[in-house]
Ligand SMILES: Nc1nc2c(ncn2[C@@H]2O[C@H](COP(=O)(O)OP(=O)(O)OP(=O)(O)O)[C@@H](O)[C@H]2O)c(=O)[nH]1
Ligand SMILES: [Mg+2]
């Protein structure tokens, strides 16, 4: 899963990025890799995976990962070259979701690019830039595709029609997600990668002291866009991420907060993208978590593990993670008849431990 972070300058993007990457590294006990200075791959902490691994004595433990992309702040007029312009947006065209950091704290020590704190206006400023970036991209592609469409190829003609509709919508201030791609050109959306078609998670960067919710105006905006919203203090999270996990946990309790910012961001991202996790674990082999779309079949899940395993799929042996842990392993689950055999159409459930039998 890849997530791109956007927001105005000084909104707190890099603070959050640092908090997420460090907390992920500590909590999942998994070294995050900085792919580029501004891309970090973070292990998703999952207690269930640890318990499964312990139970069946699997090593190593390999969590699912999320790659966060931190980019330079956008300002009003970025599409016309203001500030650093919008050239960095290309870096997040390929991501699965957007994490939109909005300043909601009023610390005067931190300069606001527009000299006032107004979360909703800030969100709208960024979203306008995303729309304009998409418009530019869509117009350019429409130019090329409409020339190719003269050849009469059905998919290309359909793509050109879709792009025309999309350009209209974007000019009218509507997001690309409002214009579904045509059935005849299933790759059209991926080829363009519009930013305003991606699911959005708003992160309200609130004061350190407050266990506040996201501001009401922002919450309403998020609901209307079917987006998620969480509130946290990026500075506080980045400071807590410097501590040892148990020290950080104690500090959180003292501050009256519960779950870590990382945990909330990840949980919200899973909800937003409608993802679930299943696990694979073999004795003396690795234990691994896999995130897939809800409704993924056993056959689809096998493909997530390895294409060879999918090709030779015979059946899946399924046991919910807590049953496996309670019964002390696969043998115990099998003795109790709780290791179920399922065919390729079985819809994998969150927390399933899955062993695929396959013919190599
Ligand atoms: N008081 C307070 N300050 C914060 C918080 N989060 C970030 N800051 C401060 O705001 C300033 C900017 O934070 P960054 O994380 O660098 O902001 P950014 O969005 O990456 O900024 P650009 O990269 O310039 O676009 C820093 O001085 C942070 O310490 C917060 O929750 N509370
Ligand atoms: Mg930054």
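What follows is calculated from the coordinates using simple rules that are stated; it is not laboratory data. A quick note: this is a predicted structure, and the numbers were derived from the prediction, not measured. Every residue, glycine among them, receives a Cβ derived from its backbone with ideal geometry; neighbour counts consider all protein chains shown.
Quick one: in the stretch 131-196, what % of C-alpha pairs are over 14 Å apart?
Looking at the stretch 131-196, the distances longer than 14 Å represent 50 percent of pairs.
Report Rg/Rh for the stretch 295-358, rounded to two decimals, where Rg is the Cα radius of gyration and Rh the Kirkwood radius. Let's see the in-between values first.
Details: Rg = 11.5 Å, Rh = 11.7 Å.
Across the stretch 295-358, the Cα-based Rg/Rh ratio is 0.98.
Fully extended, how many nm does the chain gain between residue 315 and residue 274 (0.36 nm per residue separation, minus their Cα-Cα distance)? Could you put the intermediate results ahead of the total?
On the way: separation 41, 0.36 × 41 = 14.76 nm, distance 2.52 nm.
Stretched fully, the residue 315-residue 274 segment lengthens by 12.2 nm.
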Largest-first principal axis extents, alpha carbons of the chain, Å: 66, 63, 34
In nm, what is the difference between 0.36 nm times the number of residues separating residue 94 and residue 259 and their Cα-Cα distance? 56.5 nm
Over the chain, the sum of -39500 (n - 2.57) across DSSP H runs of at least four, divided by residue number and rounded to 500 deg cm²/dmol, gives at 222 nm -12000 deg cm²/dmol
On the first, second and third principal axes, largest extent first, how far apart are the outermost C-alpha atoms of the stretch 233-331 in Å? 52, 32, 20
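Show me the ranking of peptides 106-114, 309-317 by mean Cβ neighbours inside 10 Å, starting with the highest.
309-317, 106-114
Sorted by average packing, counted as other Cβ atoms within 10 angstrom per residue and highest first, what order do 66-79, 215-228 take?
Numbers: 66-79: 21.1, 215-228: 16.3.
Order by mean packing, descending: 66-79, 215-228.
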